[in-house]
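K.L.:
Can you keep this structure in mind? I'll have questions shortly.
The values are calculated or read from the model by the stated rules, or taken from the named source; none is laboratory data. Just so we're clear, the structure is a prediction, and the values are computed from it rather than from any experiment. Every residue, glycine among them, receives a Cβ derived from its backbone with ideal geometry; neighbour counts consider all protein chains shown. Surface areas here come from the heavy atoms of the whole protein model, side chains and all, with no ligands, DNA or RNA. Shrake-Rupley method; radii C 1.70, N 1.55, O 1.52, S 1.80 Å.
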Amino acid sequence: MTFLDETIALPVGVTLDRFIKRNQDAFPFATGELSQLLRDIAIAAKIVNREINKAGLVDVTGAIGTSNVQGEMQQKLDMIAHIRFMRALRNGGEVAGIVSEEEENIVMTGNDDARYVVAIDPLDGSSNIDVNVSIGTIFSIYRRLSPVGTKVPLDDFLQGGDAQVAAGYVLYGSSTVLVYTTGHGVNGFTYESSLGEFFLSYPTIKIPEDGSIYSINDGNALDFPEPISDYLDTCRTRRYSSRYIGSLVGDFHRNLLKGGIYFYPPTAKTPNGKLRLLYECYPLAFIIEQAGGLATDGKQRLMEVKIKNLHQRSALCIGSTNMVKEVEKITLQKAEMLAAK
Ligand code: AHG
Ligand code: MN
Ligand code: MN
């Protein structure tokens, strides 16, 4: 075998389009609609990537003076990303309805004949936009339950984590990567801007079973549940590294590749957790499980947490299997000790 044969045999370097097509061909009854939808997301990601790269040069940084449904100040790029994804998904024609962090209600695309719905955090890590630190996009795709040809109802978005057919994120970092799963493993693609293509760069991602990185906002330490404080003490005793960017996508991606654990527990400010179940926690939980890791809300498997409303918040503990299991063990021990008192 020549060097050339070896590189051709390797999937690394395959374009995202070809990769999607090859996977579609592996399923004899696939209609190609999900494939097209994933391509539409990739197109929007390229456009948002271009907008983000202009930050500081044109007037896209800072707040717009409005708040979203969660009462958070909307940044200009939050809205630019929101509009770009809405437009790409509407024009693509494969999505009947969208739930976005930036809109209180379902956005009807007008494509009532489409078979999918999408939940999206168009721009994750807003506090990092103005300071040139990594930010991202998180998305989750469901097959609608309601009849094709009708308007999508709320219930199509409240199917629960296990009903996701695909989920992914885009990280606009030192380079731009798109990572996604359709329930058959996790693959990552790096954007080559001069060619305008995503290329497979992280095939079949598996998170290390163990890690030595922990990620949490230490400013909330006084509010941490006891099991988490105890586990963090263990991490310090073991001289683990503390790494927290404040962009969930960035923190998640690093821990996915290197091994680690990320927490956002309930705090006094956000007693139900800060992160949103539908378009932050569920998709990342789907990805981590597909990569061999675990995700919980501190009480149960995250994917099984019941969802009642679109912008519901949840606590999150996500990462390497052995690390999440250790937190679960400490939590159980504490509960047993309390019950025995
Ligand atoms: P968003 O920018 O989409 O509102 O998400 C922000 C989230 C998440 O990205 C990050 O991990 C977390 O908020 C950081 O919160 P703290 O600043 O409270 O640590
Ligand atoms: Mn977010
Ligand atoms: Mn956001």
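K.L.:
From (1) open to solvent by less than 20 Å² (accessible area, probe 1.4 Å); (2) away from ligand 1 (no atom under 15 Å from the Cβ), pick out the condition that doesn't hold for Pro208.
P.N.:
(1)
K.L.:
Out of segment 203-234, which residues are touching a residue at least 24 places away in the same chain (Cβ under 8 Å) and among the β-branched types (Val, Ile, Thr)?
P.N.:
The answer is Ile205, Ile207, Ile213, Ile216, Ile228, Thr234.
K.L.:
Which members of segment 147-186 meet the condition of being of a type in the set (S, T, N, Q) and open to solvent by 20 Å² or more (accessible area, probe 1.4 Å)?
P.N.:
The first filter runs over segment 147-186 and keeps only residues of a type in the set (S, T, N, Q), leaving 150, 159, 164, 174-176, 181-182.
Passing the criteria: Thr150, Gln159, Ser174, Ser175, Thr182.
K.L.:
Select the strands (runs of 3 or more DSSP E) contained entirely in segment 55-104, then report the ones holding at least 2 residues which are away from ligand 1 (no atom under 16 Å from the Cβ).
P.N.:
Numbers: elements: 63-67, 73-75, 95-100.
Here the list reads 95-100.
K.L.:
When you scan segment 287-341, how many residues do you find that are among the small types (Gly, Ala, Ser) and touching a Phe, Trp or Tyr at 6+ places or on another chain (Cβ under 9 Å)?
P.N.:
First, pick out the residues of segment 287-341 that are among the small types (Gly, Ala, Ser): 291-293, 295, 298, 314-315, 319-320, 335, 339-340.
Retained after the next criterion (residues that are touching a Phe, Trp or Tyr at 6+ places or on another chain (Cβ under 9 Å)): 295, 298, 314-315, 319.
Total meeting the criteria: 5.
K.L.:
Among the residues of segment 98-116, is there at least one that is away from ligand 3 (no atom under 12 Å from the Cβ) and under 22 Å from Ser175 (Cα atoms)? Walk me through it before giving the result.
P.N.:
Taking segment 98-116 and keeping what is away from ligand 3 (no atom under 12 Å from the Cβ), we get 98-99, 104-116.
In the following step, the residues that additionally are under 22 Å from Ser175 (Cα atoms) were identified as none.
No, every residue in segment 98-116 fails to be away from ligand 3 (no atom under 12 Å from the Cβ) and under 22 Å from Ser175 (Cα atoms).
K.L.:
Go over the candidates Ala42, Ala119, Ala55 one by one and state the one that is touching a Leu at 6+ places or on another chain (Cβ under 8 Å), over 23 Å from Leu310 (Cβ atoms), modelled with pLDDT of 95 or more and of a type in the set (A, V, I, L, M, F, W, C). Let's see the steps before the verdict.
P.N.:
Working: Ala119 fails: over 23 Å from Leu310 (Cβ atoms); Ala55 fails: modelled with pLDDT of 95 or more.
Criteria check complete, one pass: Ala42.
K.L.:
Determine whether segment 111-122 contains at least one residue that is open to solvent by 60 Å² or more (accessible area, probe 1.4 Å), within 16 Å of ligand 2 (Cβ to nearest atom) and either among the hydroxyl-bearing types (Ser, Thr, Tyr) or over 20 Å from Thr31 (Cβ atoms) (or both). Walk me through how you get there before you give the answer.
P.N.:
Applying the first criterion (open to solvent by 60 Å² or more (accessible area, probe 1.4 Å)) to segment 111-122 yields 113, 115.
Retained after the next criterion (residues that are within 16 Å of ligand 2 (Cβ to nearest atom)): none.
Checked segment 111-122: no residue is open to solvent by 60 Å² or more (accessible area, probe 1.4 Å), within 16 Å of ligand 2 (Cβ to nearest atom) and either among the hydroxyl-bearing types (Ser, Thr, Tyr) or over 20 Å from Thr31 (Cβ atoms) (or both).
K.L.:
A follow-up question, please. What number of residues within segment 109-133 satisfy the criterion of being of a type in the set (Val, Ile, Thr) and either in a strand (DSSP E or B) or not assigned by TED's automatic domain parsing to the domain that holds Val170 (or both)? Don't jump to the end; show me each part of the working.
P.N.:
Of the residues in segment 109-133, the ones of a type in the set (Val, Ile, Thr) are 109, 117-118, 120, 129, 131, 133.
From what's left, either in a strand (DSSP E or B) or not assigned by TED's automatic domain parsing to the domain that holds Val170 (or both): 117-118, 120.
Number satisfying all stated conditions: 3.
K.L.:
Here's something else I'd like to know. Residues that are outside the structural domain of Tyr180 (by TED's automatic domain parsing) and hydroxyl-bearing (Ser, Thr, Tyr), at least 3 per element: which helices (runs of 4 or more DSSP H) completely within segment 212-329 meet that? Reasoning before the result, please.
P.N.:
On the way: elements: 226-237, 248-258, 282-290.
Filter on segment 212-329 gives 226-237.
K.L.:
Here's something else I'd like to know. Output the residue which, of all residues in segment 144-165 that are among the small types (Gly, Ala, Ser) and free of Cβ contacts under 8 Å to residues at least 60 places away in the same chain, is farthest from His311 (Cα to Cα). I'd like the intermediate steps shown before the answer.
P.N.:
Start the filter on segment 144-165 by keeping residues that are among the small types (Gly, Ala, Ser), which leaves 146, 149, 160-161, 163.
Imposing the further condition that a residue be free of Cβ contacts under 8 Å to residues at least 60 places away in the same chain reduces the set to 146, 149, 163.
On the way: Ser146: 21, Gly149: 26, Ala163: 17 Å.
This residue is Gly149.
K.L.:
Could you grab the pairs with beta carbons closer than 9 Å, sequence gap of 6+ or different chains, first residue in segment 318-341 and at negative phi, second one assigned to a helix (DSSP H, G or I) and loosely packed, with under 13 Cβ neighbours inside 10 Å?
P.N.:
Ile330/Glu226; Thr331/Glu226; Lys334/Glu226
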